[in-house]
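Reviewing the structure listed below.
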Amino acid sequence: MDYEEGWAEIKAIDDTKAGVKGLIDAGIVEIPRIFIRPPHELAEELNMCKSSTLQVPVVDLSGVELEDRRKKIVDEIREASEKWGFFQLVNLVNVFVFV
């Protein structure tokens with residue numbers, strides 16, 4: 001699809017003011033081309049992700065019962081939420097619960 005065709009499709013969908021829900025309600029049976037990314041774009045993005053040095057923030061909850069540690073954990077969660085929007089938690093359950 002060339003640039004002009006793509007914009008024409010986007011404009012046609014936008015002009016309905018119904019968005020994607022409007023397409024569904026209208027009973028479309030095929031996904032519009034503007035929503036389909038070419039395989040070469042997906043492959044490029046996958047390669048970019050593999051070579052990325054980005055790492056999801058990890059927040060360690062061990063020691064959360066200690067006031068100083070709890071403050072540090074809260075700060076780590078705040079920072080990860082603000083910068084990333086998500087984070088991984090580790091040591092959620094005290095191992096002595098299982099004993």
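What follows draws every value from the coordinates through simple rules; no lab data is involved. Remember, predicted model here, so these are calculated numbers, not experimental data. Please note: Cβ atoms are built from the backbone with ideal geometry, for glycine as well, and neighbour counts cover all protein chains shown.
Near Glu82, within a Cβ-to-Cβ distance under 12 Å, what is the net charge of the other residues, with Lys and Arg +1 and Asp and Glu -1? Let's see the in-between values first.
Values: positive: Arg78, Lys83; negative: Asp75, Glu76, Glu79.
Here the count lands on -1.
What is the calculated FRET efficiency for Leu92 to Asp15, with r their C-beta to C-beta distance and R₀ = 41 Å, to the nearest 0.05?
Values: r = 49 Å, r/R0 = 1.20.
For R0 = 41 Å, the calculated efficiency reads 0.25.
When you take every Cα atom in the stretch 50-94, what is the radius of gyration, and what is Dmax, the widest Cα pair distance, in Å?
Radius of gyration, then largest Cα-Cα span, for the stretch 50-94: 11.9, 39 Å.
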